[in-house]
1. Hey, could you check region 245-283 for residues that are part of a helix (DSSP H, G or I), touching a residue at least 60 places away in the same chain (Cβ under 8 Å) and touching a helix residue (DSSP H, G or I) at 6+ places or on another chain (Cβ under 9 Å) and say which is nearest to Leu185 (Cα to Cα)?
2. If you go through region 60-74 one residue at a time, how many are of a type outside the set (S, T, N, Q) and in a loop (DSSP other than H, G, I, E, B)?
3. Considering every residue within region 41-52, establish whether at least one is among the polar types (S, T, N, Q) and within 26 Å of Pro230 (Cβ to Cβ).
4. Output yes when any residue across region 226-245 is touching a strand residue (DSSP E or B) at 6+ places or on another chain (Cβ under 9 Å), surrounded by 20 or more Cβ atoms within 10 Å (Cβ to Cβ), of a type outside the set (S, T, N, Q) and within 22 Å of Ala278 (Cβ to Cβ), and no when none is.
5. In region 148-165, which residue that is in a helix (DSSP H, G or I) and either aliphatic (A, V, I, L, M) or in contact with a helix residue (DSSP H, G or I) (Cβ under 8 Å, 6 or more places away or on another chain) (or both) is farthest from Met297 (Cα to Cα)?
6. Considering only region 152-204, how many residues are in contact with a His (Cβ under 8 Å, 6 or more places away or on another chain) and of a type in the set (A, V, I, L, M)?
7. If Cys66 meets every condition in (1) farther than 25 Å from Ala190 by Cβ; (2) out of contact with any Cys (no Cβ under 6 Å at 6 or more places or on another chain) apart from one, which number is that one?
8. Can you confirm whether Phe143 is of a type outside the set (S, T, N, Q) and touching a strand residue (DSSP E or B) at 6+ places or on another chain (Cβ under 8 Å)?
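The values are calculated or read from the model by the stated rules, or taken from the named source; none is laboratory data. Bear in mind the structure is a predicted one, so any value in this text is a computation, not a measurement. In this analysis, Cβ positions are derived from the backbone assuming ideal geometry, glycine residues included, and neighbour counts consider all displayed protein chains.
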Amino acid sequence: MNDRAICPNGAFPSTEIQEHLPDSENVRTTRLSLSLLGDGLVEAVADQTFIELARKQCKETHHKICGQAIFVPILEAPGQTGVGRFGWKDQHASLLSFSGDAYLNEMGITTRLFPDEVTKLCNTASEPNDVPDPDGLDDLDHFARFIRATKAPARDAQLAATPQAKRGSELFEKVGCATCHVRALTTAPAGTKINGGKFTISDALGAKTFYPYSDFLMHNVGTGDGIVVPMVEHYGRRMYQTTWRNFSGEDFHNARFKVRTAPLWSVRLRSRLMHDGASVTLRDAVTRHGGEASEVMHHFEKLSHADQEAILEFLRSL
């Protein structure tokens, strides 16, 4: 929350825009910002891949671990939905929709996807703030293109080649971590239309195998905060004016204690871990896992200290 305000000023002598958190607002949580590097590949994974992955892990674990795929609105294609994969609650399937959400709620910039201001106080700009450039693309389009062009940081090849890290990689599979932290995914072929037909996968992103160490599904691992995705905040005030294919409010409610599996690629570069940033070491993050991950956590705890350290060394190589 802001403790200083841009208003009032000379133009708004009697207007107050400073934010306050009322005591009545008692549903609160802390969320760590997510990396966007490499998310162009994540966007290019077919919906069916995530759906089949959820079915497979549920069957193979005898219903102990069942990732949830949620169909979410694709704002640039009204009426169309896709399997969510961006945000801690999988609230977006499209990087353009995700960017529009961030532009409005993080920076206060309205776009064609989110044309309504959160507040009209101290606002004199015409709506939407984001207008097309001479090339016909607006800033939102350019930003989504930028994200799609990024790559996740490469592994620490030197550390990954050590015997301890290699041993840790084997144990990572053996104890069951890879059930949710899936090593490899493959994108849909180049030329495939996704996001309600609004985006065509390029040669640079098509049919590529990448290693995110995540299933991008929703799981209850005992750390969820019980917060249901606020629809208007993430999809705009006009979302209820549209009928969305395969959209289910019940699915969102059922995921209130779930969070998206955190991708582990480039985890070595983070100083705070888990959705709330409350874990500051890899061991802290691993041992916090419960819920669906309870049995996997039990397997980890039964390992010798040397084997546990091997897994942590493997994680440090990612």
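1. Arg268
2. Residues in region 60-74 being of a type outside the set (S, T, N, Q) and in a loop (DSSP other than H, G, I, E, B): 9 in total.
3. No, there is no match, as no residue in region 41-52 is among the polar types (S, T, N, Q) and within 26 Å of Pro230 (Cβ to Cβ).
4. Yes; the residues of region 226-245 include at least one that is touching a strand residue (DSSP E or B) at 6+ places or on another chain (Cβ under 9 Å), surrounded by 20 or more Cβ atoms within 10 Å (Cβ to Cβ), of a type outside the set (S, T, N, Q) and within 22 Å of Ala278 (Cβ to Cβ).
5. Arg148
6. Number satisfying all stated conditions: 1.
7. The one condition Cys66 does not meet is (2).
8. Considered against the rule, which asks whether it is of a type outside the set (S, T, N, Q) and touching a strand residue (DSSP E or B) at 6+ places or on another chain (Cβ under 8 Å), Phe143 comes out as no.
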